[in-house]
Amino acid sequence: MSLIGKAGLVLAAASVAFLGGCASKGGEGGHGPHAMGKGAMAAASLGPTQGSAVTGLVMFHEMDGHLMVHAKVSGLKPNAEHGFHIHEKGDCASADGTSAGGHFNPDGKPHGPQDGARHVGDMPALKSDSKGMADQKFMLHGPTIAAGPASINGRSLIVHIGPDDYKTQPTGNSGARIACGVIAVH
């Protein structure tokens, strides 16, 4: 079996396990026991860029006009904040992650926090624990899984080495890209 085939099998198995864990957490974070099973679903398996050890799985579920996001990421700097964005191109081929392009911004808005004018691809920062792991759930308004100008399908996810200041244009001054993954609808 090819490396790509093995990676696909691993992602599929991880997605099933991940969804099972999400669906069984009744009431946590506002999710009911069946909430994660409704609506369209997409996932991205994060791989490290050159010199990084960051990996993870990020699941997206479209529900009631917003996206529920669950990110499980390891290999991060312990007790740190990391910029986390959806980027315009679904391309993680370059060693440094720059092939993913800039932040996904179909509306031409400035970079910013969730409660202000922002790129569709701007997301809350990942916050790692003392072991360098992040397990976060949050809601996004704007991006969709369904086809359309704000669709995340075929875009990439980038984890940055530093925190996002939500002010510096157009990127948030988050530094180098330490992980990349392409979002695919399931």
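The values are calculated or read from the model by the stated rules, or taken from the named source; none is laboratory data. From a predicted model like this one, the values you see are computed outputs, not experimental measurements. Please note: Cβ atoms are built from the backbone with ideal geometry, for glycine as well, and neighbour counts cover all protein chains shown.
Things to note:
- Identity of the residue in region 170-186, surrounded by 20 or more Cβ atoms within 10 Å (Cβ to Cβ) and either part of a strand (DSSP E or B) or in contact with a Phe, Trp or Tyr (Cβ under 8 Å, 6 or more places away or on another chain) (or both), that ends up modelled with the lowest pLDDT: Gly172
- Pairs are defined by a Cβ separation below 7 Å, a sequence spacing of at least 6 or placement on different chains, a first member in region 85-103 that is over 12 Å from His160 (Cβ atoms) and in contact (Cβ under 8 Å) with a residue 40 or more places away in the chain, and a second member that is of a type in the set (S, T, N, Q) and part of a helix (DSSP H, G or I); the pairs so defined are Lys89/Ser99; Asp91/Ser99; Cys92/Ser99.
- Total residues in region 66-93 satisfying the condition of being outside any strand (DSSP E or B), at negative phi, in contact with a Lys or Arg (Cβ under 9 Å, 6 or more places away or on another chain) and surrounded by fewer than 20 Cβ atoms within 10 Å (Cβ to Cβ): the figure is 4.
- Flag if Lys167 is farther than 25 Å from Ser94 by Cα and at pLDDT 95 or above: no
- Meets criteria (closer than 22 Å to Ala147 by Cα and modelled with pLDDT of 95 or more) for Asp64: no
- Residue match in region 8-25 (condition: at pLDDT 95 or above, of a type outside the set (Phe, Trp, Tyr) and assigned to a loop (DSSP other than H, G, I, E, B)): no
- Test: residue in region 46-65 that is surrounded by fewer than 19 Cβ atoms within 10 Å (Cβ to Cβ) and of a type in the set (Asp, Glu): yes
- Residue check, Gly39 surrounded by 16 or more Cβ atoms within 10 Å (Cβ to Cβ) and at pLDDT 95 or above: no
- Selection count where residues are closer than 16 Å to Ala42 by Cα and either part of a loop (DSSP other than H, G, I, E, B) or among the hydrophobic types (A, V, I, L, M, F, W, C) (or both), scope region 143-168: 12
- Residues satisfying the stated conditions in region 121-142, i.e. modelled with pLDDT under 95, part of a loop (DSSP other than H, G, I, E, B) and closer than 23 Å to Ile178 by Cα: Gly121, Met123, Pro124, Ala125
- Where a residue in region 151-165 is free of Cβ contacts under 8 Å to residues at least 12 places away in the same chain and its partner, wherever it lies, is part of a loop (DSSP other than H, G, I, E, B) and surrounded by fewer than 24 Cβ atoms within 10 Å (Cβ to Cβ), with Cβ under 6 Å and at least six apart: Asp165/Asn173
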